[in-house]
1. Suppose we keep only residues that are modelled with pLDDT of 85 or more and of a type in the set (D, E, K, R) within the stretch 50-72. Which one would you say is surrounded by the most Cβ atoms within 10 Å (Cβ to Cβ)?
2. Could you list, in sequence order, all residues of the stretch 27-49 that are closer than 26 Å to residue 62 by Cα and either exposed (fewer than 10 other Cβ atoms within 10 Å of the Cβ) or among the acidic types (Asp, Glu) (or both)?
3. Any idea which of (1) at pLDDT 90 or above; (2) out of contact with any Leu (no Cβ under 6 Å at 6 or more places or on another chain); (3) surrounded by 16 or more Cβ atoms within 10 Å (Cβ to Cβ) is the one residue 11 doesn't satisfy?
4. Could you look through the stretch 14-26, keep only residues that are assigned to a helix (DSSP H, G or I) and open to solvent by less than 60 Å² (accessible area, probe 1.4 Å), and pick out the one that is farthest from residue 41 (Cα to Cα)?
Amino acid sequence: MFKLKPIYLNGKKFIQLSQLPMRQANALLSWLPGKSIMRLINDGVELEDCIDYSNYEYWFDTYFKKREFELDF
């Protein structure tokens, strides 16, 4: 599984949870504190399910990739 590329907005990086496969999104949601989900406006479009890219990247590298590796055996 590859990491999502971030959305750049006002010099910060984000991802949208709805862009993740459902299994990955559910696993990430169970790890994240509820206050981590943000609503952003990008080019006049409201994005309701955004999280900071650094949180996603940490989770992906520390938890998800490790779990995927363990499941391969």
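The values are calculated or read from the model by the stated rules, or taken from the named source; none is laboratory data. What you are looking at is a predicted structure, and each value in this text was computed from that prediction instead of being measured. Note: ideal-geometry Cβ built from the backbone for every residue, glycine included; neighbour counts use all protein chains shown. Protein only, heavy atoms only, side chains kept; ligands, DNA and RNA dropped before computing areas. Shrake-Rupley method; radii C 1.70, N 1.55, O 1.52, S 1.80 Å.
1. The extreme case among them is 52.
2. 30, 33, 34, 35, 39, 48, 49
3. Checking residue 11 against (1) at pLDDT 90 or above; (2) out of contact with any Leu (no Cβ under 6 Å at 6 or more places or on another chain); (3) surrounded by 16 or more Cβ atoms within 10 Å (Cβ to Cβ), the one that fails is (3).
4. Just the residues of the stretch 14-26 that are assigned to a helix (DSSP H, G or I), to begin with: 17-19, 22-26.
After this cut, where a residue has to be open to solvent by less than 60 Å² (accessible area, probe 1.4 Å) as well, the list is 17, 24-25.
On the way: 17: 15, 24: 24, 25: 21 Å.
Within the stretch 14-26, the match that is farthest from residue 41 (Cα to Cα) is 24.
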